[in-house]
Amino acid sequence: MTKVIKGGTIVTADLSYEADVLIDGGVIVEIGPDLKGDEVLDATGCYIMPGGIDPHTHLEMPFMGTYSSDDFESGTRAALAGGTTMVVDFALPSPGQGLLDALQMWDNKSTRANCDYSFHMAITWWDKQVFDEMEAVVREKGINTFKHFMAYKGSLMVNDDEMYSSFKRCAELGALPLVHAENGDVVAELSAQLLAQGNVGPEAHAYSRPPQVEGEATNRAIMIADMAGVPLYVVHTSCEESHEAIRRARQAGKRVYGEPLIQHLTLDEGEYFNQDWDHAARRVMSPPFRNKQHQDSLWAGLQAGSLSCVATDHCAFTTDQKRYGVGDFTKIPNGTGGLEDRLPMLWTYGVGTGRLTMNEFVAVTSTNIAKILNIYPRKGAVLVGADADLVVWDPEKEKTITAGSQQSAIDYNVFEGKHVKGLPRFTLTRGKVAVHDGEIRTEEGHGEFVKRAPNAPVNAALSTWKELTAPRPVQRSGIPASGV
Ligand code: URP
Ligand code: ZN
Ligand code: ZN
Ligand code: ZN
C-alpha cells in the first residue's frame, strides 16, 4: 500500500520547493508534482521535512542510584509526537563490564522502540579487553561512535591517558569519539567545598560546574583528539568557553563538532534560584543551564556553523527521584527531558524569531548529524531511496507545553508554560504514520536498529592528512662520523 504526501512544500537542509512525496515499503520512491497513492496525507500549508534525529538520549539509563524514567517505548513515543524519528542512545558498560555484554543489555531494552534508533558505545574504563572489543563494536555491531565522560569522577569518568588510548583506537577503526567535556576532578573538589560551606541546595549544582570546567575540558579533548588524529564530537556544549574552543579548533582546520541542547538554548540559570526546591532540582543537569550571554553564543554558533546539531540529552527523572538529593545537591539525579519539545521549541525560538532559516533548522535537527554519523542520505534527507522518516510540519499549529498532555512518563516538564507555534501534523517512521493530526498511532517495536558504517568522509580525509603530515626521518646522504 503506497502513501502520498500532497500539497506541501519540501524543506531540506539546502532547498525549499513544492512537490508531493510518494512512499512505498517504508522508503521514498518518488518526488514530484501530482503524484498518486493509495492513501493521501494532506500537507496543504505545511512543510515536509526529514524527521528529527536526536543524537543524545538516555532511555532507561542506570545512573546515580536509579534508572531514568523514560524507556525506549515512552521515549520514542515522545520523540515521534514532537517530529523526531530517530534517537541515538548510549550503551554504558559498568566498570569492568565488556562492551559487547553492555550492548546486549541495551539491545534488550530497545526492542520496544517506536522509531528507529542507534547506540553510541561508552568507554567507561580501559584495558586490553576494551581495546579489542572496540573492533567488534565497529565492524560487527555497526556502531561508529564512542563516548567518553570527562566528568562523574568515581563512576563514568575516564582520565587523559585512557582517553588518548581510546581516541587513537577510534582513529584506527574509523570511528568518532564523543566527549562529555567537564573537568571531573575540579567538579568533585568544588562540590565537596560547597557542601562543607552549607551550600546543599540545587543552585549549588550550578556553582559546582562553572563554564571554566567545561571550557578547559573541551579544549583538552580537542587537543588530545588532534594528537590522536581523529575528529571529535563535543556533546551538550552549553557555554561560550566551550564554544570558543570548538570555534577556534574549526578555524584551525580541526574536525570538531559541537552539540548545543534545546534546554541550554532556551532556559537559563535563573531556574536554579527558584524558591521551590522541586522546580530547581527538576532542572539539575550537567552542564547546568547558563546565563543569557552563553545562550546568545550558542545561537550564534548555530547561525555561523561553528555548532552543528541540536540535541536533548533526554534523561528524565521523576520528582520523587530528584528528591534523593534533598539536603545534598550531589545526589540529585542529573538529567532533564526534552524529546517531545526539541523541534517545536527550536522552531519557535529559532525560525519564529529569525535566528534560523527553515533550511538551517533542518540541518541542525537532522541532516548534519546524519552526515556526522554516516547514515546520510538514508536518514536526514528527503530523497528517492531515503527512509520515509518524515515530519509534515504545520507552522500555524500552536500549543502551550504542559506535563499533563506530554508523552514522557515523568510528572513535570522543564518547558512547562512555554507557548510554541509550529508542530507536526503528521510524523512518519519508515512510512508508518505515527502521529496523525494530533492523534498518536505509534506501534511498539516498530523501531529498528540502524547500523552505521565506519570511515565517514571526514574520518577518511583526516586520516589521509595525518598520514601525509606524519613525522618522518629526514633522508641524508652524508652522515658525519660520531663525535664520541
Ligand atoms: O545531566 C545529564 N546530562 N545527565 C545525563 C548524563 C550525561 O551527562 O549526559
Ligand atoms: Zn553528559
Ligand atoms: Zn547525556
Ligand atoms: Zn511496523
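Where a number appears in this text, it was derived from the coordinates with a stated rule and is not lab data. What you see is a predicted model; the values in this text were computed from it and never measured. Cβ: placed from backbone, ideal geometry, glycine included. Neighbour counts: every protein chain shown.
Here are the numbers for the structure shown:
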{"read-out": "q = 0.06, 0.12 Å⁻¹, the chain: log10 I(q)/I(0) [Debye, one scatterer per Cα]", "value": "-0.26, -1.02"}
{"read-out": "For the stretch 65-199, the Rg and Dmax computed from alpha carbons only, in angstrom", "value": "16.6, 51"}
{"read-out": "Inter-centroid distance (Cα atoms) of the stretch 376-439 relative to the stretch 67-118, Å", "value": "19"}
{"read-out": "Top positive-direction residue, dipole computed over the chain with Cβ charges, set Thr266, Val364, Gly338", "value": "Val364"}
{"read-out": "Sites Asp320 and Asp296, calculated FRET efficiency, Cβ-Cβ separation with R0 35 Å, nearest 0.05", "value": "0.50"}
{"read-out": "Local electrostatic count at Ser208 - Lys and Arg +1, Asp and Glu -1, tallied over other residues with Cβ under 15 Å", "value": "-3"}
{"read-out": "Estimated translational D of the stretch 257-357 in µm²/s (Stokes, Kirkwood radius over Cα pairs; 37 °C; 0.692 mPa s)", "value": "229"}
{"read-out": "Global geometry of the stretch 108-179, whether rounded, prolate or oblate, following the gyration tensor of its Cα atoms and the 1.5 cut on a/c", "value": "oblate"}
{"read-out": "Spin-label proximity, Trp277 to the stretch 153-197 - amide N less than 19 Å from point 7 Å beyond Cα toward beta carbon", "value": "194-197"}
{"read-out": "Linear extension gain, Asp127 paired with Glu18, 0.36 nm per residue minus alpha-carbon span", "value": "33.8 nm"}
{"read-out": "Shape category assigned to the stretch 355-484 from the gyration tensor of Cα positions, a/c cut at 1.5", "value": "prolate"}
{"read-out": "Net dipole in debye of the chain [+1 Lys, Arg Cβ; -1 Asp, Glu Cβ; about Cα centre; nearest 20]", "value": "1180"}
{"read-out": "Which listed pairs, of Lys254/Lys371; Lys397/Lys418; Lys141/Lys168; Lys153/Lys322; Lys3/Lys451, have C-alpha distances above 23 Å, in listed order", "value": "Lys3/Lys451"}
